[in-house]
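The values are calculated or read from the model by the stated rules, or taken from the named source; none is laboratory data. The model shown is predicted, which means the values in this text are computed figures rather than measured ones. Virtual Cβ from ideal backbone geometry, glycine too; neighbours counted across all protein chains shown.
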Amino acid sequence: MADDLDELLDEVELRFCRDRSAGAGGPDKEVKISAPSVRCKEASKEEDDLSDLIEDIFHDDPSVSDISKSNPGTITNCSGHSAPSQTKGRKCCPVYLGGSSAPPGLGTNTSQRTCDQLRCTTCDFRVITLDDYEWNKSCDYLFFRNNMPDLNKLKVKTLSRKGTRAYACQCSWRSIQNLANLREEQELRWVCGRH
């Protein structure tokens, strides 16, 4: 984590302090700026990859694309509140999972709603939910890999159970009855895909 922070500081210094150090004309400054060039190339490649992933998400889901075009620079703090002029594109913080009795929507510390815009960062699929169902014990990775996102095929391996909500992406699945923070589910790589 410290290395990531150092890389981020180097990148910020490189981008925003370049003009000042070039004006100073000191040879020490120029050597210092040119040293992280390898890291900068790697960071720009990672940025390009990240931009490509974001474009793919926008391409897959037109509603997310509309939000991004109307509000390109939405910044949201962890409590889920954005600036007054920004009303769309907010993320749940913390992200909650829960049974069918828990209301879906934008989750915050004060409004404990289950996130209905979950996306898996491992398989890059939207997480589907089935209210009043739970997954059968015989479910396995290949079942979800072959049948996602066809709900009719997925319902074959569900059991009807009041108050339970079945969650699944292409690589992970859970049946939840009580409200739970997503952070407690260490194996799941799910994030809020913005509301």
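Summary of values
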quantity	calculated
Tally, over the range 149-175, of residues that are over 19 Å from Cys192 (Cα atoms) and touching a strand residue (DSSP E or B) at 6+ places or on another chain (Cβ under 8 Å)	11
Test: residue in the range 172-182 that is of a type in the set (S, T, N, Q), outside any loop (DSSP other than H, G, I, E, B) and either surrounded by fewer than 21 Cβ atoms within 10 Å (Cβ to Cβ) or at pLDDT 90 or above (or both)	yes
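Residue-wise test of (1) touching a helix residue (DSSP H, G or I) at 6+ places or on another chain (Cβ under 6 Å); (2) outside any loop (DSSP other than H, G, I, E, B).
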residue	(1), (2)
Gly89	yes, no
Gly99	no, no
Ala102	no, no
Leu106	no, no
Thr110	no, no
Asp116	no, no
Arg119	no, yes
Cys123	no, no
Leu130	no, yes
